[in-house]
Amino acid sequence: MDRREFIALVKAFEHAYDDLHAKVRTLGGDAMRFVPNLPDAWSINEHLVHLLDADCNVVLRIRGAVAEPGRDVPLWDQEAWRAKNNYRSSDGLFCLELAMSLRKFIAESLRTLGMDCVEAAAVIHPERGRLSIADVLKIYTGHADFHYKYLVRNLEAYAAADH
């Protein structure tokens, strides 16, 4: 990967939540808290809180990959985090905005790195093995799209539900 490709990847990662943010910032509390009648469904609010927890983990992964190349990173049980950290009572929009700030912080720091550092930066994931910094950025850029699909699904179910 050359520098231009890396910077484009960093920019995509940094702005991955832009569409999601534009969609949710206008929603009312009922739509944010609505849970579709589907197995294991989460509210939009819960998805947004989850994104902050995920991005707190990615800060450690990316910055750890730079500072300590080859370090092990832990798995985290998102269902346990959701259940035990009471996602329902958190402000999902605030959490999303914090996650966006974390991404800006990460992006700003990554843009300062030389390509030798970028190429050396990696973590060891217990299930995925060695992940380069580019791998981590790609995974977490896609994470936004993954959750955006649930937001759309929830809004469609909310619109069809009796209120």
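Every number here is computed from the coordinates shown, using simple stated rules; none is lab data. If you're wondering where the values come from, they're calculated on a predicted model, not measured in any experiment. Every residue, glycine among them, receives a Cβ derived from its backbone with ideal geometry; neighbour counts consider all protein chains shown.
Remarks
- Backbone N within segment 122-154 under 14 Å of label point (7 Å from ALA22 Cα along the Cβ vector): none
- Of the trypsin sites (Lys or Arg not before Pro) in segment 86-135, those whose Cβ has at most 16 other Cβ within 10 Å and which sit in DSSP loop: ARG128
- Among ALA31, VAL58, VAL10 - extreme Cα towards positive end, dipole of the chain, charges at beta-carbon: VAL10
- Semi-axis lengths (Å, descending) of the ellipsoid that matches the C-alpha gyration tensor of segment 25-105: 27, 16, 8
- Against the set [x] 31, 17, 12; [y] 25, 19, 13; [z] 34, 24, 13, the structure's computed semi-axes √(5λ) of the Cα gyration tensor in Å falls on [x].
- Partner lysines for LYS138 [C-alpha distance under 16 Å; skip if fewer than 8 residues away on the same chain]: LYS11, LYS104
- Loop-located chymotrypsin sites (Phe, Trp or Tyr not before Pro) in segment 62-147 (DSSP state not H, G, I, E or B) with no more than 14 neighbouring Cβ atoms inside 10 Å: TRP76.
- Three-way shape call for segment 60-99 based on the alpha-carbon gyration tensor, with the a/c threshold at 1.5: oblate
- Assigned charges on the beta-carbon of Lys, Arg, Asp, Glu; segment 1-90 dipole about Cα centre (debye): 200
- Cα gyration tensor shape for segment 103-157, rounded if a/c is under 1.5, else prolate or oblate: oblate
- Applying a DSSP loop filter and a limit of 12 other Cβ atoms within 10 Å to the trypsin sites (Lys or Arg not before Pro) in segment 1-82 leaves ARG25.
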